[in-house]
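Only one structure is covered here, and it is reproduced in the block below.
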Amino acid sequence: MRRLVVISNRVADLTRTAQAGGLAVGLADSLRERGGVWMGWDGQSLKYEAEPEPRIRKIGEVTQATIPLTQQDYSDYYLGFANSVLWPLFHYRLDLVDFKTAFLDGYRRVNAKFANALMAILKPDDLVWIHDYHLIPLAAELRRRGCQQRMGFFLHIPFPPPEILAAVPRHRWLVESLLEFDVIGFQTNTDLGNLHHYVEDNLGSWIKPDERIRIGEREVIAGCFPIGIDVDSFIAMAEQPNDEVQIETQRRAILGRRQIIGVDRLDYTKGLPDRLRAFARLLELYPEMRKSVALMQIATPTREEVDAYVSIRKELEALSGEINGRFADFNWTPVRYIHGTVPRDALAALYRASPVGFVTPLRDGMNLVAKEYVAAQSMDNPGVLVLSKFAGAAEDLHEALIVNPYDVDDMARNLRRALTMPLEERQKRQKALMERIRRHDAKNWLNTFMAALEDEQTQPSA
Ligand code: GDG
């Protein structure tokens, strides 16, 4: 088996279980099994080094190589171009894009740094797999340095339609850089279709009947590779008793209260304010639900140095206070809003103890929480997944209750439907959803992408 070298902005700490963030979770699950090298920024050191030497550490079958960034890199590349330009742009949020030329320069500079560090590690028959929007120009940088290895790219977030992409300066350069990869993977057919439209309209390239993109003499495989979870290990975790969660669940059962659960990084793409409003609307429209239901929202801190994240945090704190002020009683708190990180095993137990999983992003590449919620349910008495139609997961998870995350009334009605759904219907939906998350699990994601990457019919560009 050829050695796999994975590169992402950050590497996950494989010795810890409380990782928040879909990329870290998805990749850690896949790499632990296959083994290989994982390179990225160490996430901490912000010191200046002209040509950073990767720091090497071996954990099980995985060799981790990390490099430092400077404070300037961190501001321009990470907070700047990646998270204040590409993240909002790719999530269709043009109103939040904050473009500066210095950000673009920093983005190119850091991608060049990654390429220099990689040149010291790569062996001729390695397979190179690069992840996410932070590193789109990395293949082009590596090719410029003479790299001949097969290179694949996976985009964890959505790929927007051409008319949205066109709002950012140098969008053509960005897509041309992307096309330097041999294989480009997306979460959904919608994202893949958006790339097809862009290349046909703007680059004069064409899509062959086998879906390969023809650019001059080269061919690029672009496909849909939906990410998944390690279903069995999640089931095992959910079935393990977690004392603290169990005591809390029993207390709620005695009081006849049921829990709706939401778990997200605290990000403006996750639709949290309207989710809280929808819960309030449920209490308004169906007063009989009061005191018998509560919403637990876990919102894990993320990117707190970007302004848009500071305002969403304030908005949520105000909203949950407002809803509690309006509806709470001396012995019932409707919203439990937790701004923090919960251990993964407790999370699994919480999903299992919650009759409704409430996942309502305004736009999401896939959304692993939706799949984790399904995996954690017991077949005897499964809960119901209420899922946004704008999550990538909705392209597959048809048996969830699919909602419009901009329509508070629609979400409230579907919450009620979930809370009152007969057991037989819940079991039928659960069975079908379980089959779907097994078909598209972490292993399938890795294997199908690797098969495309190992397909030697497409030659790397000279
Ligand atoms: C990106 C894309 C795509 C969250 N809070 C805690 C915690 N988490 C874990 C969840 C889940 C992961 O973080 C979040 O994954 P998502 O997929 O929901 O979302 P993003 O972080 O935005 O991920 C997304 C993903 O990449 C993979 O390609 O699906 O669309 O945006 O695993 O459980 N984990 C723990 N404590 C927390 O408090 N332990």
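The values are calculated or read from the model by the stated rules, or taken from the named source; none is laboratory data. Because the structure is predicted, anything quoted here is derived from the model rather than measured. Quick reminder, even Gly has a Cβ in these numbers, built from the backbone with ideal geometry, and neighbours come from all protein chains shown. The area values use the complete protein model at the heavy-atom level, side chains included, leaving out ligands, DNA and RNA. Shrake-Rupley method; radii C 1.70, N 1.55, O 1.52, S 1.80 Å.
Give me a count of the residues in segment 136-173 that are out of contact with any strand residue (DSSP E or B) (no Cβ under 6 Å at 6 or more places or on another chain), more than 14 Å from the ligand (Cβ to nearest atom) and open to solvent by less than 10 Å² (accessible area, probe 1.4 Å).
Going through segment 136-173 one residue at a time, the tally reaches 6.
I'd like the residue in segment 5-28 that is modelled with pLDDT of 70 or more and part of a helix (DSSP H, G or I) and, out of all such residues, is farthest from the chain's Cα centre (by Cα).
Applying the filter and picking the extreme gives Ala28.
Any chance segment 290-309 includes a residue that's aliphatic (A, V, I, L, M), open to solvent by less than 10 Å² (accessible area, probe 1.4 Å), outside any strand (DSSP E or B) and within 16 Å of the ligand (Cβ to nearest atom)?
So far as segment 290-309 goes, no, none of its residues is aliphatic (A, V, I, L, M), open to solvent by less than 10 Å² (accessible area, probe 1.4 Å), outside any strand (DSSP E or B) and within 16 Å of the ligand (Cβ to nearest atom).
Residues in segment 254-265: is at least one closer than 16 Å to Val335 by Cα, part of a helix (DSSP H, G or I), open to solvent by less than 70 Å² (accessible area, probe 1.4 Å) and at pLDDT 95 or above?
Scanning segment 254-265, I find no residue that is closer than 16 Å to Val335 by Cα, part of a helix (DSSP H, G or I), open to solvent by less than 70 Å² (accessible area, probe 1.4 Å) and at pLDDT 95 or above, so the answer is no.
Could you check how many residues of segment 191-241 are of a type in the set (Lys, Arg) and under 20 Å from Gln377 (Cβ atoms)? Spell out how you get there, then give the answer.
Our first condition is that a residue be of a type in the set (Lys, Arg); within segment 191-241, this holds for 208, 212, 214, 218.
When the remaining residues are screened for being under 20 Å from Gln377 (Cβ atoms), the result is none.
Residues that pass the stated criteria total 0.
When you go through Glu304, Glu315 one by one, which is the residue that is without any contact (Cβ under 8 Å) to a residue 12 or more places away in the chain, among the acidic types (Asp, Glu) and farther than 28 Å from Ala376 by Cβ?
Glu304
Out of all the residues in segment 180-188, is one or more under 25 Å from the mean Cα position of the chain (by Cα), surrounded by fewer than 23 Cβ atoms within 10 Å (Cβ to Cβ) and either in the same structural domain as Phe103 (by TED's automatic domain parsing) or on the phi < 0 side of the Ramachandran plot (or both)?
Within segment 180-188, one or more residues are under 25 Å from the mean Cα position of the chain (by Cα), surrounded by fewer than 23 Cβ atoms within 10 Å (Cβ to Cβ) and either in the same structural domain as Phe103 (by TED's automatic domain parsing) or on the phi < 0 side of the Ramachandran plot (or both).
Being basic (Lys, Arg), under 18 Å from Arg34 (Cβ atoms) and not in a loop (DSSP other than H, G, I, E, B) is the filter here, so list the residues in segment 116-158 that pass it.
Once the filter is applied, which keeps residues that are basic (Lys, Arg), under 18 Å from Arg34 (Cβ atoms) and not in a loop (DSSP other than H, G, I, E, B), segment 116-158 yields only Arg150.
Every residue, every condition in (1) surrounded by fewer than 24 Cβ atoms within 10 Å (Cβ to Cβ); (2) under 22 Å from Tyr92 (Cα atoms); (3) within 16 Å of the ligand (Cβ to nearest atom), yes or no:
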| site | (1), (2), (3) |
| --- | --- |
| Val335 | yes, no, no |
| Gly340 | yes, no, yes |
| Asp345 | yes, no, yes |
| Gly357 | no, no, yes |
| Met366 | no, yes, yes |
| Ser388 | no, yes, yes |
| Leu423 | yes, no, no |
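Does Asp243 count as within 14 Å of the ligand (Cβ to nearest atom) and either free of Cβ contacts under 8 Å to residues at least 12 places away in the same chain or in contact with a helix residue (DSSP H, G or I) (Cβ under 6 Å, 6 or more places away or on another chain) (or both)?
no
Can you tell me which residue in segment 368-381 is farthest from the ligand (Cβ to nearest atom), limited to those that are crowded, with 23+ Cβ neighbours inside 10 Å and over 16 Å from the mean Cα position of the chain (by Cα)?
Gln377
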